[in-house]
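Peer 1: One structure, pasted below without further comment.
The values are calculated or read from the model by the stated rules, or taken from the named source; none is laboratory data. Because the structure is a prediction, the values reported are computed rather than measured. A quick note on method: Cβ atoms are made from the backbone with ideal geometry, for glycine too, and the neighbour counts reach across all protein chains shown. Calculation scope for accessible area: heavy atoms of the full protein, side chains included, ligands and nucleic acids excluded. Shrake-Rupley method; radii C 1.70, N 1.55, O 1.52, S 1.80 Å.
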Amino acid sequence: MNITWLRTFLIAAEYENFYKTSEVLFLSQPTVTVHIRKLEKELGIPLFMKKGRNVRLTSYGREFLNHAQAIMANVDEGIDHIEKLRQGYNKTLTIAVSPLIASTYLPFWMKQFLKTNRHVEIDVHVLESHLIAEEVDKGKADIGLSRQESRRSGLICEKVYEEPVKIVAPYALDKFPLASSVTLEEIINTYVLLTHNHPGYWDPVLLELKNAYRQVRTMKVSQVSITKRFIEEGIGFSILPHSTLTRELAEQRIREVTSSTITLPLAATYYIQKFETDITNRFIQTLKQLI
């Protein structure tokens, strides 16, 4: 059976239009028709019926569709595997990682790992921390790098490192234009607190803040990058991991606010895996050596 005919059949089944199929595959419309007719002749069944300017799968076509998809998936997987071997890869490491880690530490970790593991291809899936353990558990990722600890049965979860967090506010303070420093109480009275951009520490921090300052107003913002943008625009202030703030503090786009009133927590990063392999162990060892 000709693989080209199968691919034409799958595209035609998706678009239900031979003209659109010809555009997608960069073929002439008569060529598409020839592919379908030859496949129908080999199978001995009609795959499509005409409906106006479009086509529809016959009952035979619908039955054959799943088999054709499975055949093409195997072919594409084989081609992909051979291409990886041709490029020098013989192993793949799939990492599920939180956006925060992906935009801070991961590039440096990957660069160092690949210096001594050039034969390993890395696939990166960026997910929110609460989804990472499930991704690893289902076998969709070999290792997870999360800001949230996992207690899921059957998974290995270990803290990689901890870092301090900082209270940060807009650099150009609306009500304190000449102030080189302001108190946390003044910030709380002026700005809304942007919360829940980190999965690990907000509940205890909020409890302590509200016990000390009854007037705290909050706004939930799930992404650190958006939180920082809101701070720069003067919308609010927040408490964020130090690693996410280096550039903004250096460029004076936000300012640090110190306080002895509350105890600031540490932000933790965890690695999660289901099965230990030579590659995952080497990657984790690289992380530990760099921290």
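Peer 1: Once amide H atoms are built 1.01 Å from N in the peptide plane, which residues 5 or more positions from V257, or in another chain, come under 5 Å H to H?
Peer 2: Counting only residues 5 or more places away or on other chains, the set is I167, V168, A169.
Peer 1: Once amide H atoms are built 1.01 Å from N in the peptide plane, which residues 5 or more positions from V192, or in another chain, come under 5 Å H to H?
Peer 2: Residues meeting the amide H criterion: F237.
Peer 1: By how many nm would the segment from L266 to S222 grow when fully extended, if each residue of separation counts as 0.36 nm and the alpha-carbon distance is taken off?
Peer 2: Values: separation 44, 0.36 × 44 = 15.84 nm, distance 1.85 nm.
Length gained, L266 through S222: 14.0 nm.
Peer 1: What number do you get for the range 37-127 when its Cα radius of gyration is normalised by 2.2 N^0.38 Å, N = residues?
Peer 2: In units of the globular-protein estimate, the range 37-127 measures up at 1.77.
Peer 1: To continue, here is another question. Which aspartates and glutamates does K51 reach when only Cα atoms under 12 Å apart count, and residues fewer than 8 places away in its own chain are ignored?
Peer 2: Within the straight-line cut-off, K51 pairs with E16.
Peer 1: Taking 0.36 nm per intervening residue step and subtracting the Cα-Cα distance, what contour gain separates Q285 from E14 on full extension? Display every interim value, and only then the final one.
Peer 2: On the way: separation 271, 0.36 × 271 = 97.56 nm, distance 4.56 nm.
Gain on extension, Q285 to E14, equals 93.0 nm.
Peer 1: From the P(r) of the range 90-130, could you give the percentage of C-alpha pairs in the tail past 12 Å?
Peer 2: Beyond 12 Å sits 60 percent of the P(r) for the range 90-130.
Peer 1: Based on the Cβ-Cβ distance from F26 to K51, what FRET efficiency comes out when R0 is 25 Å, to the nearest 0.05?
Peer 2: 0.50
Peer 1: Another question, then. Please report Rg over Rh for the range 136-291, where both radii come from the alpha carbon positions and Rh follows the Kirkwood definition.
Peer 2: Answer for the range 136-291: 1.05.
Peer 1: Quick one: Kirkwood hydrodynamic radius for the range 101-196, alpha-carbon pairs, angstrom, one decimal?
Peer 2: 17.3
Peer 1: Going by average Cβ density within 10 Å per residue, which order do the peptides 193-199, 43-49 take, highest to lowest?
Peer 2: Working: 193-199: 21.3, 43-49: 14.9.
Listed from highest to lowest mean packing, they are 193-199, 43-49.
Peer 1: Give me the aspartates and glutamates in straight-line cross-link reach of K210: C-alpha distance below 15 Å, same-chain residues under 8 apart excluded.
Peer 2: Within the straight-line limit of under 15 Å, K210 reaches these aspartates and glutamates: E185, E186.
Peer 1: Around K159, under 15 Å between beta carbons, what's the net of Lys plus Arg minus Asp minus Glu among the other residues?
Peer 2: Charge balance near K159 sits at -1.
Peer 1: May I ask you to give the solvent-accessible area per residue for the chain, in square angstrom, as obtained with a 1.4 angstrom probe? Before the final figure, lay out the partial values.
Peer 2: Numbers: 16240 Å² over 291 residues.
Here the residues of the chain average 56 Å² of exposed surface.
Peer 1: Here's a follow-up. Give the average over all directions of the projected area of the C-alpha convex hull of the range 5-61, one decimal, in nm².
Peer 2: Projected over every direction and averaged, the Cα hull of the range 5-61 covers 3.3 nm².
Peer 1: Taking θ = phi - 60°, what integer Hz values does the Karplus form 6.51 cos²θ - 1.76 cosθ + 1.60 yield along the range 107-118, in sequence order, with x for Gly and Pro?
Peer 2: Whole-Hz 3J(HN,Hα) from phi for the range 107-118: x, 5, 4, 5, 4, 5, 5, 6, 4, 10, 9, 5.
Peer 1: Give me a comma-separated list of calculated 3J(HN,Hα) values for the range 30-35, in order, Karplus coefficients 6.51, -1.76, 1.60 applied at θ = phi - 60°, integers in Hz, x for any Gly or Pro.
Peer 2: x, 5, 4, 4, 4, 4
Peer 1: Here's a follow-up. Of the listed values (1) 18.0, 54; (2) 26.6, 108; (3) 27.3, 84, identify the label whose number matches Rg and Dmax of the Cα atoms in Å calculated from this model.
Peer 2: (3)
Peer 1: Let me ask something else about it. How much of the accessible area of the range 162-261, probe 1.4 Å, is carbon plus sulfur, in whole percent? Don't skip to the end; give the middle numbers.
Peer 2: Values: 2540 of 5220 Å².
Answer for the range 162-261 is 49 percent, counting heavy atoms of protein chains only.
Peer 1: Tell me which residues come under 5 Å, amide H to amide H, from T94 once H is placed; ignore anything under 5 positions away on its chain.
Peer 2: D123, D142, I143
Peer 1: Express the Stokes-Einstein translational diffusion coefficient of the range 252-291 in µm² s⁻¹, to the nearest whole number, given a Kirkwood radius over alpha-carbon pairs, 25 °C and a viscosity of 0.890 mPa s. It would help to have the intermediate numbers written out before the result.
Peer 2: Working: Rh = 14.0 Å.
Here the translational diffusion coefficient equals 175 µm²/s.
Peer 1: Pairs K20/K140; K91/K228; K111/K274; K138/K228: which exceed 27 Å Cα-Cα? Don't jump to the answer; show the numbers that get you there.
Peer 2: Numbers: K20/K140 33 Å; K91/K228 37 Å; K111/K274 24 Å; K138/K228 33 Å.
Beyond 27 Å between Cα atoms: K20/K140; K91/K228; K138/K228.
Peer 1: Take the alpha carbon atoms of the range 111-146, find their center, do the same for the range 218-291, and report the distance between the two centers in whole angstrom.
Peer 2: 19
Peer 1: Moving on. Using θ = phi - 60° and the Karplus curve 6.51 cos²θ - 1.76 cosθ + 1.60, what whole-Hz ³J(HN,Hα) does each residue of the range 62-79 get, with Gly and Pro shown as x?
Peer 2: Rounded to whole hertz, the list is 5, 5, 6, 4, 4, 5, 5, 4, 5, 4, 5, 4, 5, 5, 5, 5, x, 4.
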